[in-house]
Each structure stands twice: as structure tokens, then as C-alpha cells.
Amino acid sequence: MRFSFVLSTMLAILTFSSNFAVAEQKLEVGQVWGYHTRPHEQGSSLIVVQFDSTAVHVSVSGLKIKDPESADGIADSIGHLPLSRKVFENSATELIGTVQQLPSFEDGLNDWIKAKKRGEATLISIPVKDVITQVELMINQ
């Protein structure tokens, strides 16, 4: 019983420390972040393409999404995800590096901005790995 309490307390401290470290990092466009991935996408990463005080807009690369419309049946990226700051901080694990050239994200961002103005879109409020699972389910219905 005591071991279980100590273990859960340590995990809570490590999780808080990890999230605090991400929150304290200065965000910059082009940063590449590791995140809590799905088990079969451990090489996947987030690329910061835009941010403000409430949102972090990212592209996701290194995915293995089953996609019947893709030439090889697998989609390896999502061009734009509008994350709340909290979701980004809770999903990101470590700063990996930077890229000089951003992936193509503008169309997705512009579509999201238009939908937001119509009241049809908001920031994502669930973990990134869960969003990717939902995307995969939707495109395979």
C-alpha cells in the first residue's frame, strides 16, 4: 500500500515537473517537439507553426494513420492542429530541435480561422495522441 502511494506521488511530481518545464520554454515558430505519442508512432513530432497567448498551432509529422485515400494506405502527417496552450503543454515532452522550412499548414489554419469566425471551431482540448486516433477513425468510416 505504501509503495503504491509513493509511486503515484512520484509520478505526479514527474508529470508536473515535465509540464512545468514545457510551459517555461520560450515558444518559437519552427520548434520541433516530442510528445506523448501513440505506441506505434514514437518517432512522431510536433512542429510549432504559429502561436499566441491562448493557442499553439502545430503540424504533426511521423504519423502512421490508416488512410484509404493515400497512395500507400498510410498518411504520415497532419498539416494543422489548433491546440490550446494547456493541451500543448500536457502533450509535449521535450524540445527536439528546429526546422528552417515549415511544413504546409496555411490552408488548414485559414480554414480553421474561417470556421472559428462562424462559431464552428474552437481550440483542441484533448491530448494530441487522442486527436490523431479520432482523425484516423473519421477518415476510415
Filtering the range 26-37 down to residues that are open to solvent by 60 Å² or more (accessible area, probe 1.4 Å) and out of contact with any Phe, Trp or Tyr (no Cβ under 9 Å at 6 or more places or on another chain), which residue is modelled with the highest pLDDT? His36
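Kindly provide the set of residues from the range 38-54 that are hydrophobic (A, V, I, L, M, F, W, C) and surrounded by fewer than 18 Cβ atoms within 10 Å (Cβ to Cβ), ordered by number. Reasoning before the result, please.
Initial filter on the range 38-54 (hydrophobic (A, V, I, L, M, F, W, C)): 46-49, 51.
Scanning the range 38-54 gives a single hit, Phe51.
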Here is a list of conditions, (1) open to solvent by 70 Å² or more (accessible area, probe 1.4 Å); (2) out of contact with any Lys or Arg (no Cβ under 9 Å at 6 or more places or on another chain); (3) assigned to a helix (DSSP H, G or I), and Glu69 meets all of them except one; can you say which number that is? (3)
Within the range 36-66, of all residues that are farther than 25 Å from Asn110 by Cα and either in contact (Cβ under 8 Å) with a residue 40 or more places away in the chain or assigned to a loop (DSSP other than H, G, I, E, B) (or both), the one farthest from the chain's Cα centre (by Cα) is Lys66
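For every residue, the table says whether it meets (1) free of Cβ contacts under 8 Å to residues at least 12 places away in the same chain; (2) within 18 Å of the chain's Cα centre (by Cα); (3) open to solvent by less than 60 Å² (accessible area, probe 1.4 Å).
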{"position": "Gln101", "(1), (2), (3)": "yes, no, no"}
{"position": "Phe105", "(1), (2), (3)": "no, yes, yes"}
{"position": "Leu109", "(1), (2), (3)": "no, yes, yes"}
{"position": "Trp112", "(1), (2), (3)": "no, yes, yes"}
{"position": "Gly119", "(1), (2), (3)": "yes, no, no"}
{"position": "Ile124", "(1), (2), (3)": "no, yes, yes"}
{"position": "Val128", "(1), (2), (3)": "no, yes, yes"}
{"position": "Val135", "(1), (2), (3)": "no, yes, yes"}
{"position": "Ile139", "(1), (2), (3)": "no, no, no"}
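Would you check if Leu83 is open to solvent by less than 30 Å² (accessible area, probe 1.4 Å), within 21 Å of Thr37 (Cα to Cα) and either modelled with pLDDT under 95 or not in a helix (DSSP H, G or I) (or both)?
Numbers: open to solvent by less than 30 Å² (accessible area, probe 1.4 Å): yes; within 21 Å of Thr37 (Cα to Cα): yes; either modelled with pLDDT under 95 or not in a helix (DSSP H, G or I) (or both): yes.
Spelling it out, Leu83 is indeed open to solvent by less than 30 Å² (accessible area, probe 1.4 Å), within 21 Å of Thr37 (Cα to Cα) and either modelled with pLDDT under 95 or not in a helix (DSSP H, G or I) (or both).
The values are calculated or read from the model by the stated rules, or taken from the named source; none is laboratory data. Nothing here was measured: the structure is a model prediction, and the numbers come from that model. Note that we place each Cβ from the backbone using ideal geometry, even for glycine, and neighbour counts take in every protein chain shown. Accessible surface is based on the protein model in full, side chains and every heavy atom, while ligands, DNA and RNA are left aside. Shrake-Rupley method; radii C 1.70, N 1.55, O 1.52, S 1.80 Å.
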